[in-house]
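The next block holds one structure in the form of structure tokens; read it before the comments.
The values are calculated or read from the model by the stated rules, or taken from the named source; none is laboratory data. Values in this document were obtained by computation on a predicted structure and should not be read as measured data. Cβ: placed from backbone, ideal geometry, glycine included. Neighbour counts: every protein chain shown. In case anyone asks, the SASA skips ligands and DNA or RNA and just uses the protein heavy atoms, side chains included. Shrake-Rupley method; radii C 1.70, N 1.55, O 1.52, S 1.80 Å.
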Amino acid sequence: MNATALAVALCLASAVAYASAAVAQERLARAAVARSAGALFGNGAWWWSAGLNAGAALLHAAALRYGPLTLVQPLGALTLVAAVPLGARGAGRRVAATEWRGTLATVAGLGLLLLPASGPAPDDTLTLAEALGVSAATAFAIVLLTAGRDVSSGLRHATASGLASAVASALTQTVAVAGGRGGALLSVRVVSVALLVVVFAVGGMLLSQRAYRGGLGAPLAVVNLANPLAAAAIGMVLLGERLQGGAMGLLLATAGALAAARGVLLLTRTAPSAAPVPAPAPAPAPAPAAAVAITRVPA
């Protein structure tokens, strides 16, 4: 199995694990468990979702060892595709026709994106100065996105989560590639970047948990759009990654991005139907006056 095929296989496994964790997090958010950090840390179901996230992150890190950011990050949108049937099954409903169309459009778009994105295994890495600069800029953007408390804060938290996850992936690639070279595993750069990975990975998970209070579809779609766009920008600007195939590759990538965006929009249109609220039991009719008089005890 070549490096590209191995990276894709690892991404698929990571997407399923991430989707399972997202569905579990959304259930906790809807159950009002995610109102405070203390409530989360004291909930066993949340730790289960955190374990799924950790396993997915390890699979994602392994994929970044064998594939470039421009290849690995778009495959993260498969998390949304996997979360649709998982979420529908958990809610006890069937997947809607609009959701199936969105799934097919997303998969087709990803296929077009993968053709020009497929490239050799990554070799370039971020320097410590670049890693610190990207981390500081991302932290500032996250603060700006999460400062407000308006109605759209859920989607802004989702955008912040996508940015945090993208930076965590770029930093993870530096750790995976640089740490795999002999004698570099315990260098100052690798250890420092690894600590930043933990900060952004945990921060991204907590931000997504906050975003899921308004539902799963739209926030998860925003996460999966912001993540690959930010990661691709880092890969192209700082790591020298490029799309393959020249003008034709750029055309395929554009068509794939449009198809995937269309699929994501379709997936966010169908929200799980709320469970019907049972009608209140009718109040007992008052007893007739004559009956009341009969039951009175004579003086």
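Criterion applied to ALA97, ALA105, ALA121, ALA129 was being at pLDDT below 75 and not acidic (Asp, Glu), and the one residue passing it is ALA121. Taking (1) modelled with pLDDT of 75 or more; (2) open to solvent by less than 20 Å² (accessible area, probe 1.4 Å) in turn, ALA77 satisfies each apart from (1).
Based on this model, can you work out whether ARG262 counts as at pLDDT 80 or above and open to solvent by 40 Å² or more (accessible area, probe 1.4 Å)? Answer is yes for this residue.
Taking (1) at pLDDT 75 or above; (2) exposed (fewer than 15 other Cβ atoms within 10 Å of the Cβ) in turn, THR146 satisfies each apart from (2).
Any residue at all in the stretch 45-64 that is in contact with a helix residue (DSSP H, G or I) (Cβ under 7 Å, 6 or more places away or on another chain), open to solvent by less than 10 Å² (accessible area, probe 1.4 Å), more than 22 Å from LEU110 (Cβ to Cβ) and modelled with pLDDT of 80 or more? Yes: one or more hits.
Determine which member of the set LEU12, LEU40 is modelled with pLDDT of 85 or more and not β-branched (Val, Ile, Thr).
From the options LEU12, LEU40, the qualifying one is LEU12.
Tallying residues that are over 19 Å from ALA5 (Cβ atoms) and in a helix (DSSP H, G or I) within the stretch 78-98 yields 14.
Filter the stretch 239-252 down to residues that are under 25 Å from ALA168 (Cα atoms) and under 25 Å from the mean Cα position of the chain (by Cα) and give me whichever is modelled with the highest pLDDT. Steps first, please.
From the stretch 239-252, those under 25 Å from ALA168 (Cα atoms) are 239-244; that's our starting set.
If we keep only those that are under 25 Å from the mean Cα position of the chain (by Cα) as well, we get 239, 241-243.
Working: LEU239: 73, GLU241: 67, ARG242: 68, LEU243: 66.
Among them, the one singled out is LEU239.
Residue-level analysis places ALA22 outside the set of residues that are surrounded by fewer than 24 Cβ atoms within 10 Å (Cβ to Cβ) and either modelled with pLDDT of 80 or more or among the small types (Gly, Ala, Ser) (or both).
Among the residues examined, ARG156 does not qualify as modelled with pLDDT under 85, basic (Lys, Arg), in a helix (DSSP H, G or I) and surrounded by 15 or more Cβ atoms within 10 Å (Cβ to Cβ). Taken together, the residues in the stretch 226-238 that are at pLDDT below 80 and crowded, with 21+ Cβ neighbours inside 10 Å amount to 5.
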